[in-house]
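Beneath this line is the structure, given in structure tokens, with notes to follow.
All of the numbers you see were taken from the coordinates with simple rules; none came from a lab. Model, not experiment: these values are computed from the prediction. Note that each Cβ is placed from the backbone with ideal geometry, even for glycine, and that neighbours are counted across all protein chains shown.
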Amino acid sequence: MMKENIQLYCDVDETGKIIRLLSGERVVPTSQFKYFFMINRTIELNLDKFYVENSELKQIEGTTLFEVVPENPTAEQQLEDMKKRMEEMEELLKLVTASKEV
């Protein structure tokens, strides 16, 4: 689970839709906001799919969240990415070599 280290200050309309917000890891609001939440990077990226009800941040039913790509991939993830790139390059190389032989 991702750390909830993003501050979210927001105001909403009468339906709970977020109409004004300020978010980030270390933000200082310069004006008053009605709500404050601690959220994770995935929620911050998908705020258009959330609303406020009874002072709770809730996901709109039926919406799919975009996943956040880790900023600091593990060694295993980096190795996996490199393997994929190598395979793609080998395929491209085969295509180029094959087209030159014709």
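What the table below lists for this structure:
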{"quantity": "Contour excess over end-to-end distance, with Cα ends at Leu79 and Ser55 and 0.36 nm allotted per residue", "calculated": "4.3 nm"}
{"quantity": "Formal net charge of residues neighbouring Met82 (Cβ-Cβ distance under 12 Å; K, R +1; D, E -1)", "calculated": "-2"}
{"quantity": "Nearest-0.05 FRET efficiency for Arg26 and Asp48, computed from C-beta distance (R0 22 Å)", "calculated": "0.40"}
{"quantity": "Using a Förster distance of 41 Å, the FRET efficiency for Val68-Lys34 (Cβ separation, nearest 0.05)", "calculated": "0.95"}
{"quantity": "Under the Karplus curve 6.51 cos²θ - 1.76 cosθ + 1.60, θ = phi - 60°, whole-Hz ³J(HN,Hα) for segment 4-18, x wherever Gly or Pro sits", "calculated": "8, 10, 9, 8, 10, 10, 8, 10, 10, 8, 5, 8, x, 5, 5"}
{"quantity": "Within straight-line cross-link reach of Lys83, lysines at Cα separation under 25 Å, skipping those fewer than 8 residues along the same chain", "calculated": "Lys94"}
{"quantity": "Net length gained if the chain between Ile19 and Met86 were fully extended (0.36 nm per residue, minus Cα distance)", "calculated": "19.6 nm"}
{"quantity": "Rh by Kirkwood over Cα pairs, then Stokes-Einstein D for the chain at 1.306 mPa s and 10 °C, µm²/s", "calculated": "93 µm²/s"}
